[in-house]
Amino acid sequence: MSAVLPPTQPHRWDVTAEEAVAIQHRLAARVERTPRLGDVRVIAGVDMSAKDVARAAVVLLSYPELETIEIARAEQPLVFPYVPGLLTFREGPAVLAAFAQLRRRPDLVLFDGQGIAHPRRLGIGAHIGVLLDLPSIGVAKSILTGRGAEPGPAPGDWSPLVHKGEVVGAALRTRPNVKPVYISIGHRIDLPLALHWVLAVCRGYRLPEPTRRAHNAAAVQS
């Protein structure tokens, strides 16, 4: 039995777009925006793709060594159409199937995708974070929702990402002269801690190591 997944699926995935939006609104109310994060020894990175099938990879890294200690991959049929803002409904079943294979429960999860920087405040980092009740962070390569100034040129410089008067994330510079990444909370964390942890696991690349390695793992057939 997995130490990560809840015993039953918390909601259906084969729903209409209207039903999916209603599910997002309901789950967004469950996002915890204050830290509830213990000692961080194992950090997960999650990446996924959805072309002919939905393919997900979860990579566990030790902290602070950042050694890869476990990789889980899963593929699932695509049961939901491509709809911007509803991509978790295409990719979520594969992500949960990958988590179900893990032998260890991560202390923190970084998702390649949005957290609350989403029109309904429930990108994949927040959605799966809530379902698994794990501290989580969205690390996106582009903006889905919100606007913000370009951050300063040095690694660690950041600027707020604002949508409808609310700070929903941050544009974070991780390498000099390289485009920023877009950080938003997923669940059980706040923005300052999210920025801290993303920078803590960067090792000279634009992407932090957990999602960078998950991206590489997701590209390999399971």
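Kirkwood analysis of region 72-140, using all unique Cα-Cα pairs, places the hydrodynamic radius at 12.3 Å. This model, with +1 at the C-beta of Lys and Arg and -1 at the C-beta of Asp and Glu, gives the chain a dipole about its Cα centre of some 200 debye. Ordering Val53, Val167, Thr16 by the projection of their Cα atoms onto the charge dipole of the chain, which places +1 on the Cβ of Lys and Arg and -1 on the Cβ of Asp and Glu, puts Val167 at the extreme positive end.
When ranked by the protection proxy of mean other Cβ atoms within 10 Å per residue, highest first, what sequence do the peptides 60-71, 36-47, 180-191, 117-128 form?
Values: 60-71: 15.8, 36-47: 19.0, 180-191: 25.4, 117-128: 27.1.
With the highest mean Cβ count within 10 Å placed first, the list reads 117-128, 180-191, 36-47, 60-71.
Stokes-Einstein, applied to the Kirkwood radius of the chain over Cα pairs at a viscosity of 0.890 mPa s and 25 °C, places its translational diffusion at 144 µm² s⁻¹.
Per the Kirkwood treatment, what hydrodynamic radius in Å, one decimal, follows for region 43-113 from the mean inverse distance over all distinct Cα pairs? Spell out each step's value before the answer.
Numbers: mean 1/r = 0.0803 Å⁻¹.
After inverting the pairwise mean of 1/r, the radius is 12.5 Å.
Here the Gaussian network model covers the chain, with springs between Cα atoms less than 10 Å apart; of Ala98, Ala56, Ala29, Ala29 fluctuates the most.
The distance linking region 72-91 with region 151-165 is 29 Å (Cα centroid to Cα centroid, whole angstrom). Here's the list of lysines a cross-link from Lys51 could span, going by alpha-carbon distance under 27 Å and ignoring same-chain residues fewer than 8 apart: Lys141, Lys179.
Just so you know, all these numbers are worked out from the coordinates, no wet-lab data involved. Owing to the predicted nature of the structure, the values given are computational and were not obtained by experimental measurement. Every residue, glycine as well, gets a Cβ built from its backbone with ideal geometry; the counts of neighbours run over all protein chains shown.
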